[in-house]
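To start, the structure itself, in structure tokens.
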Amino acid sequence: MKKLKLFQIILISLFLLFFIFLISSKNYQKEYEVNSIKITEEYNKDYKSYYFTFTYKDITLDYLINSKYKQQRNFVQEIAIVTDENNFCLVPESKELNFIPLCFQDNNIVHYTYTNKKLKDQLPNELFKSKNKIESFNDLDIYNKDYTYLIWNYNGFYYINENENKKIDIFEKEQYTVSLIGYTKDYLIIPDYDSNYTFSKIFTLNFKNGNLKKHELKRNIYFDSYFLGYQKNKLYIVDNKEQLMYEFNAQNGKLEKIKSKILKEDKWENVNIKTLINKNEEFVYKTNYEYHLEEGKLYLNYKGQQIKNLISNNINHIVRINDKDIFYLKKDSLYHFSPEKGEELLLTYFEWNFNFENIIYIN
């Protein structure tokens, strides 16, 4: 009887182990064809993403989808093809994953929102919904309120989001150069620019509700400093003059001197403070998206891949990159791009024709 129970326990345990093995995520790569188009399909468990390439007429296009691991393989069931002379778009269809049209135009791999009218007319209309101007606020024309915008107005900010528009005054004197402003997950961090050479106060501005708080520091920090980056709501500061590194907690306003270190793809590495002084180093965040600006043209490469996707042109300044989301200026207009949505107009402001450095903050 005991042997039978032991056998049953072993059998159940083996079954559970086999089941866990089946459902656990794993890296894989496989190839198959749909409509004579060669497809490679990969899963990367570290980055939790599927990566696909599609080869048609000796041209290889690619797309990446962030997703939890699925048991299925061969996700692409059908591919429609739309053409305009030598230009074309592939439109993959899948019941489990959401794809976008993948396009080739004028010898470039391009995002579908960058294609010509003849190709766009053959793609689904819902992909090209444009937004009209919602309202104006202090000479800013607003087309999209999906984000929170903080626009520097020389002594504070214009605060714009879906709930309200308002002016937030911070400083007594107008400040035309405010290069030392930083992000955390939920806050914008602003040193006391009414001070000279050093500051002993920091302001935190909450993106969600626009609340402004002043925090008194127990130390003086030189303006000859820079922000390495953030992790959640902690900002990391390198003081070049004093050769020190600080951690500032935006939630409680506490400043702490720490041993020098740097964040690279979610892992901390200890470094010598001298390797950070006057180097303007930045944290490296884990992402599947790599954006490049080349002579006014904006390209996207998926992590570790060589295929360049042209997504826009005539760009004069990148405002912020946050994982797959990139915000940039074309003359006096602020745009957003993500692979799923494509390019969308957010704001226009005539002032940006002349002055845009360290002016726009967005979350």
Yes/no for Asn155 being touching a Lys or Arg at 6+ places or on another chain (Cβ under 8 Å), at positive phi and either of a type in the set (A, V, I, L, M, F, W, C) or open to solvent by 30 Å² or more (accessible area, probe 1.4 Å) (or both): no
Of the candidates Glu216, Glu247, the one satisfying the condition of being assigned to a strand (DSSP E or B), at pLDDT 95 or above, within 25 Å of the chain's Cα centre (by Cα) and among the charged types (D, E, K, R) is Glu247
Single condition Tyr112 does not satisfy, out of (1) open to solvent by less than 40 Å² (accessible area, probe 1.4 Å); (2) within 25 Å of Phe350 (Cβ to Cβ); (3) modelled with pLDDT of 95 or more: (2)
If you take the residues of region 193-210 that are more than 18 Å from Ile360 (Cα to Cα) and not β-branched (Val, Ile, Thr), which of them is surrounded by the most Cβ atoms within 10 Å (Cβ to Cβ)? Phe199
Conditions (1) open to solvent by 100 Å² or more (accessible area, probe 1.4 Å); (2) modelled with pLDDT under 95; number of the one not met by Lys26: (1)
Would you mind stating whether Val91 is in contact (Cβ under 8 Å) with a residue 60 or more places away in the chain and in contact with a Leu (Cβ under 9 Å, 6 or more places away or on another chain)? no
Among the residues of region 181-191 satisfying the criterion of being open to solvent by less than 10 Å² (accessible area, probe 1.4 Å) and without any contact (Cβ under 8 Å) to a residue 60 or more places away in the chain, which is farthest from the chain's Cα centre (by Cα)? Pro191
Going by the structure shown, is Asp84 more than 30 Å from the chain's Cα centre (by Cα) and touching a residue at least 24 places away in the same chain (Cβ under 8 Å)? yes
Answer residue from region 162-180, given it is of a type outside the set (S, T, N, Q) and open to solvent by less than 30 Å² (accessible area, probe 1.4 Å) and is farthest from the chain's Cα centre (by Cα) among those: Phe171
Determine, yes or no, whether Asn132 is touching a helix residue (DSSP H, G or I) at 6+ places or on another chain (Cβ under 7 Å), surrounded by fewer than 20 Cβ atoms within 10 Å (Cβ to Cβ) and of a type in the set (S, T, N, Q). no
Output for Cβ contacts, cut-off 6 Å, separation at least six or different chains, first residue under 19 Å from Glu351 (Cα atoms) in region 317-329, second open to solvent by 40 Å² or more (accessible area, probe 1.4 Å) and not in a strand (DSSP E or B), reads His317/Phe356; Leu329/Asn316; Leu329/Phe356
Positions within region 321-363 being open to solvent by 20 Å² or more (accessible area, probe 1.4 Å), within 26 Å of Glu265 (Cα to Cα), within 16 Å of the chain's Cα centre (by Cα) and not hydrophobic (A, V, I, L, M, F, W, C), in sequence order: Asn322, Asp323, Lys324, Asp325, Glu340, Lys341, Asn363
What is the residue count in region 265-278 for residues that are in a loop (DSSP other than H, G, I, E, B), in contact (Cβ under 8 Å) with a residue 24 or more places away in the chain and open to solvent by 90 Å² or more (accessible area, probe 1.4 Å)? 1
Of everything in region 310-320 that's surrounded by fewer than 18 Cβ atoms within 10 Å (Cβ to Cβ) and not aliphatic (A, V, I, L, M), which residue is nearest to the chain's Cα centre (by Cα)? Arg320
Could you list, in sequence order, the residues of region 211-226 that are under 29 Å from Glu162 (Cα atoms), surrounded by 15 or more Cβ atoms within 10 Å (Cβ to Cβ) and out of contact with any Lys or Arg (no Cβ under 8 Å at 6 or more places or on another chain)? Leu212
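The values are calculated or read from the model by the stated rules, or taken from the named source; none is laboratory data. Note that the structure is a prediction, hence the values are computed from the model and not measured. With ideal geometry, Cβ positions are generated from the backbone for all residues, glycine too; neighbour counts draw on all protein chains shown. Accessible surface is based on the protein model in full, side chains and every heavy atom, while ligands, DNA and RNA are left aside. Shrake-Rupley method; radii C 1.70, N 1.55, O 1.52, S 1.80 Å.
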